[in-house]
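Just below is one structure, and these are the notes that go with it.
Each reported figure results from applying straightforward, stated rules to the coordinates on display, with no laboratory input. Here the structure is a predicted model, which means the values were calculated and not measured. Don't worry about glycine lacking a Cβ; one is built from the backbone with ideal geometry, like all the others, and counts go over all protein chains shown.
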Amino acid sequence: MKTSFLLVPFLVFPFTFPVLPETRNTVASVSADRILPADPIVTDILTLTNKARAKKGLSALVMKDGLNRIAAGHSQNMATGKVPFSHDGFKERYSLAKKEYAGLNGFAENVSFGPSTGREVVDGWMGSKHHKENILGDYTSIGIGVATDKNGRNYYTQVFGKE
C-alpha cells in the first residue's frame, strides 16, 4: 500500500531572528576533510538546499557540527513530544549557536514534519515564501536534524547561521 504525504503550508514553519523503535535522531557529522552524513535524507536536504542557492548565484552553505546538534536536538524534542511541532525554544537555540560560534550574528530556522524524502522537504520549503527566504538568505552555515517519532513520522529542523 502506497502512502503519500501532503505538505500543507501550516505544517511547515520558518523562523528568522537579526530504525524506528521509539525515535530516530539523525545528525550529520563533520570531519576536517568532508561531511559524513548519518542519514541520506540529511545529505539530500543539504545538496538540494545548496542547489537552490546556486541557481540564484549564492554560495553554498557550510555544514557545521554545532548547528547539526542544535537542529537534531529540536527535531528530537518535537518527535518525542517534549515540545510541539513549532519553533518553541528558538531563542534558546540561537543563544546556544552564539555560544558555539562567537562570530555568529544571524540565525534562522525552518521546520517540517511528515515528508519521507529530502526532496519533499526542500520542495515544500521552497514553495513557502518565508522558508525560501531563509534558504536563499545571506547565511554562511547550516545544520540539519531529522528525528522519527514512534509512529514513523519524520521531524526536520534546518538552522542557518551568518558569521
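Between amide H atoms placed 1.01 Å from N, distances below 5 Å from VAL62 occur with SER141, ILE142, all of them 5 or more places distant or on a separate chain. Return the lysines within reach of LYS82: Cα separation strictly under 26 angstrom, same-chain partners fewer than 8 residues apart disregarded; answer none if there are no such residues. Leaving aside lysines fewer than 8 places away in the same chain, those within reach of LYS82 are LYS64, LYS91, LYS98, LYS99, LYS150.
Overall, segment 42-86 carries a charge dipole of about 180 debye about its Cα centre when +1 sits on the Cβ of Lys and Arg and -1 on the Cβ of Asp and Glu, all other atoms neutral. Running Debye on segment 35-92 with equal point scatterers at the Cα sites and no solvent, what base-10 log of I(q)/I(0) appears at q = 0.18, 0.26, 0.28 Å⁻¹? With one equal scatterer per Cα and no solvent, log10 I(q)/I(0) is -0.77, -1.07, -1.10. Working note: Karplus 6.51/-1.76/1.60 with θ = phi - 60° gives segment 50-67 the couplings 5, 5, 4, 5, 4, 4, 9, x, 9, 6, 5, 7, 9, 6, 10, 4, x, 5 Hz, where Gly and Pro are set to x. From most to least packed by mean Cβ count within 10 Å, the peptides 79-86, 129-136, 143-150, 109-116 give 143-150, 109-116, 129-136, 79-86. In summary, segment 44-157 shows an alpha-carbon radius of gyration equal to 1.02 times the 2.2 N^0.38 Å reference for compact globular proteins. Couplings 3J(HN,Hα) of segment 123-133, computed from phi: 4, x, 5, 5, x, 10, 3, 6, 5, 4, 4 Hz, in residue order, whole Hz [Karplus 6.51 cos²θ - 1.76 cosθ + 1.60, θ = phi - 60°; x for Gly and Pro]. Label zone of GLU163 (point 7 Å out along Cα→Cβ, amide N under 11 Å): in segment 119-156 this covers 140-142. Global size of segment 93-163: 13.1, 39 Å for Rg and Dmax (C-alpha atoms, Rg to one decimal, Dmax whole).
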